[in-house]
Amino acid sequence: MATFARKRKYLAALVAAAAILPYLNSLEGDFVWDDRTLILQDYAIQNPRYLPRFFLRDYFEHADEEIKYGYYRPLVSLSLMADFALWGDRPFGYHLSNLALHALVSVLVFLFLVRVFRGRGGIAFVSALIFAVHPIHTESVAWISGRTDLLATLFIILSLLALGAAPRRREGLALALLFFLLALFSKESALILPLLAAAYLAAFESGWARPRTRKLGLLYGFGVAAYLAVRFGIADVKAGSVAVLTLPETIFSSFSTLFLYLRKMIFPAGLSAYITNPVAGSLLDPRAAAGALVLAALIIALVRVWRRGDRPL
């Protein structure tokens, strides 16, 4: 362990380099699609006095199109404001920020996996390398507006790392909640974090006592409530004017979407910046059925590991 600890910083540097090298050509890219709306045409990010406005508005408030998506991502707008202050209308700097974020996220993934697979640093290193160079990240890294995923993932991993330290450090729970809120203010999909945290603790963290786990549940519940109150109360961001699915369609379509992304992770062909998530009306849809089976298998595996107490830590 001591030997690996000394090597860890060098391995982290290799992971960062692996994350950067495939995307160096993105530094030559221009503003495309939503970049123009969110950067060049957004008066708010171009003047610091509008900073509080980020927390009170729809992400696409200033867009000309009639369709509103109901996105609430103030931290992304804040990051674009910082880039505008440094780079103005030169896209190079914005791409550089995306590249730096991807490298940082990849290093944090490595550090998180080191904790999960303690004593098996080689697995953590190889897994982090695969994450760093996987082409499925192309949209998030090469497209400036794709940094929503980078920021959300950054804070999700930081929240999980804080949870890992929580049994030994009193401030761990507070940091986990803070990073959860920052992830939510970066992208709505961060709402999945409490479920990820529960799976992580059940499978890999034996040091968590039941009372502390209940406290964590209350904290995450408070975080979700606070986020929803700000989003729909103070900011008054609507759910969006795009087509709304029924509850069964939402459930079954989430299964088919899970299968779609898993397929692209395993066989990353036909990638696109605009992905249309498949709509499924029932489990008779093969994609929904496949996604449901994968999810069920993951849940069963986690339950078996938890009951055995066979945790890497």
Give the cross-link partners of Lys215 among the lysines, using a straight C-alpha distance below 27 Å as the criterion and excluding same-chain residues fewer than 8 apart.
Lys187
Ignoring any ligand, DNA or RNA, what whole percent of the accessible area of the chain comes from carbon and sulfur when the probe is 1.4 angstrom?
67
Residue (of Pro135, Val237, Ile39) at the positive-pole extreme of the chain, dipole from beta-carbon charges
Pro135
What accessible area, in Å² to the nearest ten, does a 1.4 Å probe give for Val230?
40
Filter the chain for me: DSSP H helices, axial length by Cα at least 30 angstrom, mean Kyte-Doolittle hydropathy not below 1.0. List them by residue number.
91-116, 286-308
Length-normalised contact order of the range 22-165 in % [C-alpha pairs under 8 Å, at least 6 apart]
26
For the range 92-132, average projected area of the Cα convex hull in nm²
2.5
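Rg over Rh of the range 1-153, using C-alpha atoms and the Kirkwood radius, what does it come to?
Values: Rg = 17.8 Å, Rh = 16.8 Å.
Here the Rg-to-Rh quotient is 1.06.
Quick one: accessible area per residue over the chain, 1.4 Å probe, rounded to a whole number of Å²?
Numbers: 16680 Å² over 313 residues.
Ligands and nucleic acids excluded, the result is 53 Å² per residue.
Could you work out the relative contact order of the chain, using alpha carbon pairs under 8 angstrom and six or more residues apart, expressed as a whole percent? Walk me through the numbers before you get to the answer.
Numbers: 394 pairs, mean separation 61.8, N = 313.
Relative contact order, the chain: 20 percent.
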Most to least accessible of Trp87, Trp33, Trp143 (protein chains only, probe 1.4 Å)
Trp33, Trp87, Trp143
Of the candidates Val116, Leu178, Ser106, the farthest towards the positive dipole end of the range 98-182 (Lys/Arg Cβ +1, Asp/Glu Cβ -1, centred on the Cα centre) is Val116
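The values are calculated or read from the model by the stated rules, or taken from the named source; none is laboratory data. The model shown is predicted, which means the values in this text are computed figures rather than measured ones. As a convention, Cβ positions derive from the backbone with ideal geometry for all residues, glycine included, and neighbour counts pool all protein chains shown. Surface areas here come from the heavy atoms of the whole protein model, side chains and all, with no ligands, DNA or RNA. Shrake-Rupley method; radii C 1.70, N 1.55, O 1.52, S 1.80 Å.
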